Each structure stands twice: as C-alpha cells, then as structure tokens.
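Colleague: Once you've had a glance at the structure underneath, I'll fire off some questions.
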There are 2 protein chains.
Amino acid sequence: MSATGSAQPRLERLKEILAVLADLGHAEQILDWDARVSMPHAGAKARADVAATLAEFSHRRFVTDEVGELLEQLTAEEDPDTADGALVRVTQREWDRERKIPSDLAGEMAQASGVGVAAWDEAKLSSDFAIFRPHLERQLELKHRYLACFPEADDPYDVLLDEYEEGLTTAQVEEVFGRLKGELVELVERHRDDAVADLKGPFPIAAQREAGRLVLEAFGWDPRSWRLDETPHPFASKPGAGDIRLTTHTDERDITSLFSTMHEFGHGVYEFDIDRSFARTPLGEGTSSAIHESQSRTWENLVGRSAGFWRWFYPQLQGLLPEALGGVDESSFVRAVSAVRPGLIRGDADEVTYGLHIILRFELERELLAGTVEVHDLPDVWNARMREYLSVDVPDDAHGVLQDMHWSAGLFGYFPTYQLGNVISVQIWRRAVDELGDLEEQFARGEFTVLREWLREQIYRHGSRYAPPELLRRVTGSGIDPEPYLEYLHAKFA
Amino acid sequence: MSATGSAQPRLERLKEILAVLADLGHAEQILDWDARVSMPHAGAKARADVAATLAEFSHRRFVTDEVGELLEQLTAEEDPDTADGALVRVTQREWDRERKIPSDLAGEMAQASGVGVAAWDEAKLSSDFAIFRPHLERQLELKHRYLACFPEADDPYDVLLDEYEEGLTTAQVEEVFGRLKGELVELVERHRDDAVADLKGPFPIAAQREAGRLVLEAFGWDPRSWRLDETPHPFASKPGAGDIRLTTHTDERDITSLFSTMHEFGHGVYEFDIDRSFARTPLGEGTSSAIHESQSRTWENLVGRSAGFWRWFYPQLQGLLPEALGGVDESSFVRAVSAVRPGLIRGDADEVTYGLHIILRFELERELLAGTVEVHDLPDVWNARMREYLSVDVPDDAHGVLQDMHWSAGLFGYFPTYQLGNVISVQIWRRAVDELGDLEEQFARGEFTVLREWLREQIYRHGSRYAPPELLRRVTGSGIDPEPYLEYLHAKFA
C-alpha cells in the first residue's frame with residue numbers, strides 16, 4: 001500500500017469521530033441559542049445540567065488515546081499544505097489543550113456557565129452585584145483550576161488568549177493596546193465635543209425592523225438559511241451548516257439596532273460562506289475570535305458607517321422614519337452615527353471610545369486573575385477606571401460592571417479579541433480597497449456583492465484552514481498592526 | 001451492611017447514569033422543539049445529523065451491561081411499592097426493549113426522522129405525495145428492521161403500541177375501536193346536519209392571542225416557566241424541569257386556536273406538576289401517551305367546551321371579537337364549537353368524528369406494515385376510506401394523507417393513543433365529578449384550581465411512577481372502558 005493508501009482509513013476514522021463531536025458542538029450551540037432567545041427563566045437550572053452533560057460527553061469522546069494516536073500518525077502522513085493537513089494540525093492543537101483538562105472539569109465549567117449566565121441576567125435586571133458575586137468567584141476558582149492544567153505557560157493569561165486566538169500572547173496584546181491607549185484617550189479628548197446633529201427619537205420598532213430587513217437583503221440574506229431575533233445582547237450563532245442565526249436589539253430610543261444587525265451579519269456571513277466540505281469538522285468555523293470580529297466590524301463600521309452606504313440607504317431610512325429623520329440631512333446623519341461620545345456601555349460605543357472599554361476589561365481580567373483586584377472591590381475599581389479613561393460616572397452596576405455577560409459564562413481572554421478585530425478589520429479593508437477600487441461607489445448603488453465575494457474568496461471560505469496569523473499574512477502581507485487603524489480613525493475624525 | 005445499606009450505592013450509581021440520559025433526552029427535546037419552531041429550513045440536514053448522534057450516544061450509554069447488572073440487583077433489593085422501586089421497574093422495561101436494538105439503528109431512526117419531517121413539510125406545502133413517498137418507504141423499512149429485533153411478539157404491532165402505552169395490545173385496541181366505530185358512524189349520521197349557528201370570521205389574530213392568554217392565566221400559567229409559540233401543528237414539550245413549552249396555531253378564519261391552546265395546556269400542566277424529585281429520572285415524565293392525551297382532552301373538551309367554562313369566558317371573548325361574535329348568543333356559540341361536522345382534518349375534528357380519523361389511521365398503519373397496502377397506493381386508499389367513514393371527498397393530499405407529521409417521524413402505533421385518551425378522559429372526569437361535585441359552577445366563576453389540584457394529586461404528580469393501567473385503576477377502579485365515553489357523547493349530542 002502506498003503512503004496515501006494507508007493514511008486514508010485513519011483519516012476517515014478521525015473524520016468520523018470529529019463529525020460526531022461537531023454534532024455535539026451543534027447541540028451545545030442550539031442549547032445556548034435557545035437559553036438566550038427562548039428559554040423560560042425557570043428552565044435555567046435544568047439547562048445547565050444538560051450543557052454540563054454534553055460538554056463532559058464531548059470532552060471524554062475527544063481526548064481518547066485513539067484520537068491521540070490517529071493524530072500522531074496523520075501528522076506524519078498528511079501534507080500540511082492541504083486541507084486535510086490543516087484539519088490534522090487544528091485538531092492536534094485542540095487535542096493537546098483539551099487532553100490536559102479533566103473531563104469533569106469541562107462539565108463543571110459548562111454547568112457554572114449555565115448557572116452563571118442566569119444569575120448574571122437576574123443581577124443585571126435588578127442592578128445588584130451581590131447576586132452575581134458568588135458566581136463570578138466560582139468562575140475565577142474554576143479558571144484557576146483550568147490554568148493549573150497548563151503549568152508550562154509563561155503567562156497564564158496566554159493560555160486563555162490562545163483559546164480564542166491561536167498564537168496570540170499577552171505581551172503582543174499589551175504592545176498593541178499600549179500603542180492604542182494614549183492615542184485613543186487623546187482622540188476622545190479632541191473629539192468628545194465635536195458639534196454633531198442630535199438624533200431625536202422615537203424611532204418606531206417596526207420601522208427599525210424594516211430597515212434591518214432591507215439592509216440584510218441587500219447584503220445577501222436567504223430566508224431558507226437565516227433568521228433574526230431580538231435579544232438584549234445581540235449575537236450570532238451557527239448550530240449547523242445552513243443554519244445561521246442573528247439577533248439584534250431594537251430600542252425605540254435609538255437607532256443602534258441597525259448597526260447591531262449589520263455587525264451580526266458580519267459574523268453570520270463568515271460562517272455561512274465557509275466551504276461546505278468543511279462541515280462537521282473543526283475547519284468548519286471561523287478561524288479565530290479576532291478575525292471573526294474583524295468581519296462583524298467590517299460590515300458594521302467600514303460598510304455600515306460609510307458615506308457610500310448612506311448615500312444609498314439614507315433616503316430609505318428617512319422614508320421609514322420621517323418624523324425622526326425628516327429634518328436631518330444625510331451628512332449630518334452620517335456624522336451623528338459615528339460621533340465620539342464617551343458613554344457607559346461598550347456595546348453602544350463609537351469607534352474611538354470602544355477600544356478604551358476593551359482595554360479596561362483586559363486590565364481588570366488580569367488583575368482579577370492575579371488577585372490584585374478582589375471580586376468584592378470590582379464595582380468600585382470599575383467605576384474609578386471608567387472615570388479615568390472616559391471621564392464618565394457610572395450610576396449603577398447594571399450600567400457598569402454587570403453590563404456584559406462574558407465573565408458570567410467564564411469567558412476570560414475573550415474581550416481583547418474584540419479590539420484586535422477592529423484593528424484587523426482596517427488592515428483587511430485597505431487590501432480590499434487596493435484590489436477592488438472604489439467600493440463606496442458600489443455601496444451608493446446598494447451593491448455589496450463584489451466586497452462579499454472578495455471576502456468570501458480571501459477569508460470566509462477557508463474556515464479554520466489557516467491559523468489567524470497566517471490568514472492575515474496571506475491577505476495583507478503583515479501581522480497585527482495598529483497603524484492602519486489609527487490612521488483610519490485620525491482621517492475619519494479629522 | 002444491611003440490605004438497604006448495600007443497595008444505596010447501586011441506586012445512586014443508577015440514578016447518576018439516568019440523570020445523564022435524561023439530560024441527553026432534554027437536549028433531544030430542545031433540538032426537536034427548535035426544528036419545529038425556529039430552525040431555518042436549510043438547517044434540516046445538519047439537524048438530522050445532530051439528532052442521530054445524540055440518539056446513538058444516548059442508546060449506547062443506556063444499554064450497557066453495567067446498567068443491566070445494576071437493574072438486576074436493584075430489582076431484587078428495592079421495594080416495588082416505593083418510588084425507587086418504580087424507577088427500577090420502569091428503567092428495566094426500557095432497558096429490556098432498547099437492549100434488543102442495535103445503537104446504530106437507533107441513530108438511523110433519529111436521522112430518518114429529522115430528514116423525513118423536513119421532506120414531509122415540503123411535500124405538504126406543495127401537496128405532492130411523491131416528495132414524501134421515498135421517506136415513508138424508508139420509515140417502513142426501518143420499522144421492519146426495528147420489529148425484527150422483537151421476534152417473540154405475538155403481533156408486531158403490539159411492540160409499537162407498547163412503546164407509547166405500556167401493556168396495551170393490538171387486540172385491546174381492536175376491541176375498543178370495534179365498539180366505538182359503529183356507534184361513531186351512527187352518531188355522525190344522526191348529527192351531521194344538526195342546525196347550529198354558523199360562526200363567521202374573521203377572528204383577528206391579536207384578539208385570539210389575547211383570549212388564549214386570558215384562559216391560560218386562569219388555568220394557572222407562570223411566565224417564568226411557560227412559553228407559547230405558533231406552529232402549523234400545535235404541540236407541547238418539556239425540555240427540562242421548569243421549562244414548559246406549548247405551541248398553538250392561530251388562523252383568522254376560525255377560532256380553533258383557543259382549543260389548541262387549552263389542549264396543549266393539558267399536556268403542559270401534566271408535565272409541570274410532576275413531583276420535582278423525579279426530575280432527571282425516567283419517572284419525571286407523564287406515564288403514557290394515552291394518559292397524556294386524556295389530560296389534553298380534559299382541558300380542551302371537558303373543561304374548554306363545557307357550558308360552565310363559556311358562562312365565564314364567553315362575555316370576554318365577545319368583547320375581544322365584537323364583530324364576529326356580537327350577534328351570537330352564548331348557547332348558540334357553545335353548540336357551534338362542538339357541532340358534529342365531518343371534515344378532512346383530524347386536528348380540527350369535533351369530538352364525534354375525531355375517533356373515526358384515528359380508526360382510519362390505525363387500520364392503515366397495520367395494512368402498511370403488513371404490506372397489504374403499498375405506499376404508492378396510500379393516497380387512493382386514504383381517500384376511499386375517508387369517503388366511506390365520513391362521506392367527505394379529499395381534494396388533495398395536503399388535506400388527506402399528508403396532513404399529519406407522525407409517519408414522517410417514524411411514529412407508528414401512536415395514533416391509537418389519541419382516541420384512547422378521549423375514552424380515558426371521560427372515565428377520569430366522572431371520578432372527578434363524583435368527588436368534587438359540580439365543577440361547572442366553579443368554571444362559571446373562572447375557577448379551575450380545585451380541578452387542577454385534584455388532577456395533580458391523582459395523576460400529574462406521579463409522573464411515570466404507575467404504569468398506565470395501574471394509574472387508571474387507582475383513579476377510576478377500572479381498565480380502559482369505552483362506555484362512559486359513548487354515554488358522554490350520546491348525552492352531549494342528544
């Protein structure tokens with residue numbers, strides 16, 4: 001038998017196991033989507049049990065000696081430059097990490113996440129940090145147990161980053177954020193009082209929904225595959241090939257739902273456009289959190305806050321919202337929806353202040369994990385830091401430390417990828433404009449296909465085939481570089 | 001160690017395994033609920049993969065030698081009159097059946113069900129039996145493979161019935177249905193032309209929803225635990241303790257949504273009121289399909305079509321639907337919503353014709369399985385039989401053989417339990433009236449708590465602790481008996 005011939009049954013066996021694991025992952029996604037969109041509140045405890053059971057099953061099935069041996073043999077046999085070689089590489093990386101964790105810890109983490117999110121939800125509703133506190137303490141305890149499985153790490157935070165962003169180190173984040181922080185603080189100070197139109201609502205819910213629908217249709221939306229729901233915190237999910245779910249948040253008092261919808265479309269289209277032959281394998285999802293976020297930011301900001309986009313869409317939006325927007329001209333509107341306005345909520349932040357919200361979370365996560373900030377002091381520290389970076393006063397914890405669900409779900413090391421996504425989005429955008437010419441002219445005609453196809457070709461279809469640094473280098477010729485992003489901000493707000 | 005002492009660790013080990021299996025079952029329920037309520041159409045293929053994987057995992061985990069040995073030891077040790085003894089009995093029964101089936105067949109059946117339901121959905125939409133035909137043939141092939149695992153059965157159909165209704169035999173169904181069939185045909189003939197008010201719509205959707213909400217609130221609805229959605233085919237689901245989901249179908253052209261809502265409430269309240277200490281065990285769900293259906297029929301028909309209920313609710317419904325109902329008096333309305341009107345659709349059938357829809361399906365299932373009716377002849381046979389029993393002409397397959405989803409999901413042996421549920425509902429109702437006195441007076445004041453509490457005490461809280469014949473005997477002192485049901489129908493339509 002040839003080398004290829006002997007490798008084939010092993011590869012098929014591995015793919016068979018990975019397909020089952022992908023199915024379990026899809027089940028977990030449905031459970032999560034349902035918990036956030038549909039589940040009655042009292043179902044949270046039972047749901048956490050189900051999530052824990054699935055996580056533990058899935059973990060046990062993955063970290064077997066059989067999988068380890070298959071990977072070892074296949075690493076020697078498969079050409080790393082092929083998709084199958086990439087599959088082996090990505091799976092090996094996952095296996096190496098998961099193998100270090102006991103399966104029951106995997107189950108406990110899923111359980112704590114289910115219970116924690118429900119408690120956070122309640123705490124946020126009543127703006128009562130005391131309800132959340134024991135759950136955050138539990139998450140930190142679990143995180144320390146998790147990190148103890150990786151004694152070889154230079155910096156424990158590297159372990160957390162690496163889960164979402166292959167190869168990213170704390171030192172690299174510090175370097176990028178260090179470069180950004182001073183510039184962003186300065187930009188905020190310079191532009192916080194820029195005179196812009198004051199957009200006054202109400203912006204009726206039905207009209208906002210219709211606007212979202214029109215934009216999604218123009219971006220390329222297929223009702224056979226996509227759905228859109230309302231949640232307090234928008235997100236996107238793919239619980240199976242051909243099943244793309246976005247959520248948005250519509251509030252009569254502002255028009256941000258449209259930007260949330262475009263943001264989540266970016267996540268959705270990335271997942272939708274992945275090569276279908278990667279379905280039910282670890283290659284069948286976006287390669288990292290930061291690359292994912294770069295795409296949501298592309299559609300939200302680089303497309304959705306561009307002058308060209310609004311040349312096309314503003315007349316339609318005015319038609320839908322005549323009372324609120326009838327007296328606001330197009331360029332005033334475009335400036336208003338981009339204005340630098342320090343605020344309390346990360347999710348509502350403009351492109352300049354956004355990074356400072358992230359830097360604050362990055363710092364606090366590291367301090368919590370190091371024990372230099374205690375959980376019970378967290379609200380005070382949060383509020384002081386918000387004052388320092390953004391000169392805003394936090395009126396209550398619901399608008400402060402309780403605003404994001406991430407820590408309740410045990411997501412530490414995730415926030416930095418949001419800001420790196422912003423940085424990367426501009427790097428990729430430059431390349432797109434170099435190759436495709438004036439996109440704004442196309443947007444002004446309501447045409448987005450050329451951009452979407454280019455992104456599909458360059459990024460989306462590859463799924464996780466290329467590690468994030470390699471993908472970025474293939475597309476832009478460079479590593480993560482904050483300069484294009486800073487130039488973009490300076491130009492935009494000049 | 002005492003006998004009790006030595007049994008305890010084994011019982012705990014069994015419960016631990018069963019809790020995990022219950023979690024997997026809950027995950028399957030969520031996937032199913034989602035597929036029917038939320039899933040984009042193109043997600044069906046991936047969803048079928050997930051369902052197959054979970055079914056196979058779950059099956060493999062259950063049919064182990066370890067579980068078999070635990071059960072053998074516990075059967076000897078546990079007092080059968082305790083809840084733990086019942087748990088062992090119920091689990092043993094399940095294990096004996098599942099152990100006979102290969103795990104990969106369990107997976108294949110789940111897969112075929114996911115794919116089959118999606119195909120049926122499409123076939124029904126375009127009223128094209130040809131789309132559905134290969135899937136029905138596949139289901140029958142799988143059913144024969146399944147039945148081949150039970151060579152000892154006297155009648156293979158007994159095996160199918162037993163899955164939904166412990167101890168029920170084909171002979172028993174034939175006896176009950178034999179007694180009903182002639183009487184029902186005669187009742188239909190006698191009353192099909194009864195003069196009743198013609199309820200004319202439109203019945204606006206929002207008003208129907210508000211009516212449903214008011215009734216559910218009076219029945220006892222807690223928004224922390226319950227939700228209500230729209231689906232073409234109403235159903236109820238409990239994907240975890242404290243998580244009760246009903247669906248209904250609202251159509252402007254008739255007011256049946258209210259009856260669907262009350263029907264599904266009956267399923268939901270049974271599941272909701274099960275002793276919480278049974279959660280994550282096989283005792284934590286209703287004991288059988290027929291007992292379940294007896295409760296949905298109780299709330300839909302015995303409560304929801306009673307004179308007392310409408311004395312309370314009709315003024316409110318008139319207030320919500322003034323144009324449609326302003327000119328219809330209460331007693332005309334009550335007669336109209338119960339009128340014997342032979343029609344095409346089982347789900348819309350009155351209390352008299354309903355049984356004939358079921359008898360037709362029972363007969364056809366047996367003929368399909370025996371091969372005396374071929375799948376490609378099924379539409380013709382269906383239509384001829386509808387003509388014979390109900391004197392109606394079937395205009396197309398969407399309103400004929402394609403109307404129900406059951407066969408697409410491989411549910412054979414299920415339909416009979418619907419009609420047995422009708423029969424049982426009246427047996428239990430008589431006992432309730434004997435003990436509680438005039439319920440209609442309470443309903444007329446919008447009070448349903450006394451009935452609900454009695455049902456909870458007698459039936460709901462026990463979950464699957466008692467096999468259906470035992471439960472029925474405990475409550476009514478008798479086995480399944482069609483006479484009270486026939487007397488009820490004769491009296492109601494006299």
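Colleague: Show the residue pairs that are 6+ apart or on different chains and have beta-carbon atoms under 6 Å apart, the first residue being within the range B:20-32 and buried (at least 22 other Cβ atoms within 10 Å of the Cβ), the second being among the acidic types (Asp, Glu).
Modeller: That search, which allows pairs on different chains as well, returns B:Asp23/A:Asp49; B:Ile30/A:Asp34.
Colleague: Test of understanding: among B:Arg461, B:Arg456, B:Arg452, which residue is over 28 Å from B:Glu28 (Cα atoms) and either touching a residue at least 40 places away in the same chain (Cβ under 8 Å) or of a type in the set (A, V, I, L, M, F, W, C) (or both)?
Modeller: The unique qualifying residue is B:Arg452.
Colleague: Right, something else. For the range B:72-84, indicate whether the set of residues that are within 28 Å of B:Glu137 (Cα to Cα) and at pLDDT 95 or above is non-empty.
Modeller: No, the range B:72-84 has no match at all.
This table checks each residue for (1) polar (S, T, N, Q); (2) over 16 Å from B:Glu166 (Cα atoms); (3) surrounded by fewer than 21 Cβ atoms within 10 Å (Cβ to Cβ); (4) out of contact with any Lys or Arg (no Cβ under 9 Å at 6 or more places or on another chain).
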{"site": "B:Phe412", "(1), (2), (3), (4)": "no, no, no, no"}
{"site": "B:Thr417", "(1), (2), (3), (4)": "yes, no, no, yes"}
{"site": "B:Ile428", "(1), (2), (3), (4)": "no, yes, no, yes"}
{"site": "B:Glu440", "(1), (2), (3), (4)": "no, yes, yes, no"}
{"site": "B:Glu447", "(1), (2), (3), (4)": "no, yes, yes, yes"}
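Colleague: Evaluate the following for A:Gly114: is it under 24 Å from the mean Cα position of the chain (by Cα), within 12 Å of another protein chain (Cβ to nearest Cβ) and more than 25 Å from A:Pro232 (Cβ to Cβ)?
Modeller: no
Colleague: Can you name the residue in the range B:77-112 that is among the polar types (S, T, N, Q) and without any contact (Cβ under 8 Å) to a residue 24 or more places away in the chain and is also surrounded by the most Cβ atoms within 10 Å (Cβ to Cβ) among such residues?
Modeller: B:Gln92
Colleague: Also, quick follow-up: Return the residue satisfying two criteria in turn: it lies in the range B:234-244 and is in contact (Cβ under 8 Å) with a residue 60 or more places away in the chain and within 8 Å of another protein chain (Cβ to nearest Cβ), and of such residues it is farthest from the chain's Cα centre (by Cα).
Modeller: B:Gly240
Colleague: Name every residue in the range B:179-216 that is free of Cβ contacts under 8 Å to residues at least 60 places away in the same chain and part of a loop (DSSP other than H, G, I, E, B), in order of residue number.
Modeller: B:Asp193, B:Ala195
Colleague: Another question, if that's okay. When you look at B:Thr247, is it in a helix (DSSP H, G or I), crowded, with 19+ Cβ neighbours inside 10 Å and in contact with a Leu (Cβ under 8 Å, 6 or more places away or on another chain), yes or no?
Modeller: Judged against the criteria, B:Thr247 is not a match.
Colleague: Here's a follow-up. Need the failing condition index for A:Val37 against (1) at the interface with another protein chain (Cβ under 10 Å from one of its Cβ atoms); (2) crowded, with 22+ Cβ neighbours inside 10 Å, just the number.
Modeller: Of everything listed in (1) at the interface with another protein chain (Cβ under 10 Å from one of its Cβ atoms); (2) crowded, with 22+ Cβ neighbours inside 10 Å, A:Val37 misses just condition (2).
Colleague: Does A:Tyr146 satisfy being among the aromatic types (Phe, Trp, Tyr) and under 30 Å from B:Asp23 (Cα atoms)?
Modeller: Yes: the conditions hold for A:Tyr146.
Colleague: Kindly list the number of the only condition in (1) touching a residue at least 12 places away in the same chain (Cβ under 8 Å); (2) in a helix (DSSP H, G or I); (3) within 22 Å of B:Leu180 (Cβ to Cβ) that fails for B:Val334.
Modeller: Result: B:Val334 passes all but (3).
Colleague: Under the condition of being within 14 Å of chain B (Cβ to nearest Cβ) and either closer than 21 Å to A:Gly319 by Cβ or in contact with a Pro (Cβ under 8 Å, 6 or more places away or on another chain) (or both), which residue from the range A:198-227 is surrounded by the fewest Cβ atoms within 10 Å (Cβ to Cβ)?
Modeller: A:Arg224
Colleague: Looking at the range A:338-372 only, could you name the residues that are among the β-branched types (Val, Ile, Thr) and crowded, with 19+ Cβ neighbours inside 10 Å?
Modeller: If the condition is that a residue be among the β-branched types (Val, Ile, Thr) and crowded, with 19+ Cβ neighbours inside 10 Å, then A:Val340, A:Val352, A:Thr353, A:Ile358, A:Ile359 are the ones that fit.
Colleague: Looking for whichever is surrounded by fewer than 15 Cβ atoms within 10 Å (Cβ to Cβ) and touching a Lys or Arg at 6+ places or on another chain (Cβ under 8 Å) here; the options are B:Asp377, B:Asp393. Which one fits?
Modeller: Selected residue: B:Asp393, the only one of B:Asp377, B:Asp393 that is surrounded by fewer than 15 Cβ atoms within 10 Å (Cβ to Cβ) and touching a Lys or Arg at 6+ places or on another chain (Cβ under 8 Å).
Colleague: Could you say whether any residue in the range B:42-57 is of a type outside the set (Val, Ile, Thr), within 27 Å of B:Leu147 (Cα to Cα), without any contact (Cβ under 8 Å) to a residue 40 or more places away in the chain and within 12 Å of chain A (Cβ to nearest Cβ)?
Modeller: Yes, that holds for at least one residue.
Colleague: So which residues in the range A:61-76 are over 30 Å from B:Arg245 (Cβ atoms) and either facing chain B (nearest Cβ under 9 Å) or surrounded by fewer than 17 Cβ atoms within 10 Å (Cβ to Cβ) (or both)?
Modeller: A:Thr64, A:Asp65, A:Glu66, A:Gly68, A:Glu69, A:Glu72, A:Gln73, A:Thr75, A:Ala76
Colleague: Quick one: which residue in B:Arg305, B:Arg280, B:Arg311 is at pLDDT 95 or above, within 14 Å of another protein chain (Cβ to nearest Cβ) and either more than 25 Å from B:Asp34 (Cα to Cα) or in a loop (DSSP other than H, G, I, E, B) (or both)?
Modeller: B:Arg280
Colleague: For the range A:311-336, how many residues meet the condition of being among the acidic types (Asp, Glu) and surrounded by 15 or more Cβ atoms within 10 Å (Cβ to Cβ)?
Modeller: Number of matching residues: 1.
Colleague: Failed condition for B:Val340, given (1) in contact with a Phe, Trp or Tyr (Cβ under 8 Å, 6 or more places away or on another chain); (2) farther than 25 Å from B:Leu411 by Cβ; (3) touching a residue at least 60 places away in the same chain (Cβ under 8 Å); (4) assigned to a helix (DSSP H, G or I), with all others met?
Modeller: (4)
Colleague: While we're looking at this one, here's another question. Let me confirm something: among A:Thr248, A:Thr231, A:Thr256, which residue is closer than 21 Å to A:Tyr354 by Cβ, more than 14 Å from every other protein chain (Cβ to nearest Cβ), polar (S, T, N, Q) and touching a residue at least 60 places away in the same chain (Cβ under 8 Å)?
Modeller: On inspection, the qualifying residue turns out to be A:Thr256.
Colleague: What's the total number of residues in the range A:151-178 that are within 30 Å of A:His249 (Cα to Cα) and assigned to a loop (DSSP other than H, G, I, E, B)?
Modeller: 1
Colleague: Do we have any residue at all in the range B:292-310 that's charged (D, E, K, R), within 27 Å of B:Tyr164 (Cβ to Cβ), buried (at least 21 other Cβ atoms within 10 Å of the Cβ) and free of Cβ contacts under 8 Å to residues at least 60 places away in the same chain?
Modeller: yes
Colleague: Among the numbered criteria (1) over 16 Å from B:Glu293 (Cα atoms); (2) in contact with a Leu (Cβ under 7 Å, 6 or more places away or on another chain); (3) part of a helix (DSSP H, G or I), which single criterion is violated by B:Thr261?
Modeller: The one condition B:Thr261 does not meet is (1).
Colleague: If you scan the range B:360-413, which residues turn out to be within 21 Å of the chain's Cα centre (by Cα), of a type in the set (S, T, N, Q) and not in a helix (DSSP H, G or I)?
Modeller: B:Gln403
The values are calculated or read from the model by the stated rules, or taken from the named source; none is laboratory data. Everything numeric here is computed off the predicted structure, so don't read it as measured data. Methodologically, a virtual Cβ is constructed for each residue, glycine included, from the backbone with ideal geometry; neighbour enumeration extends over all protein chains shown.
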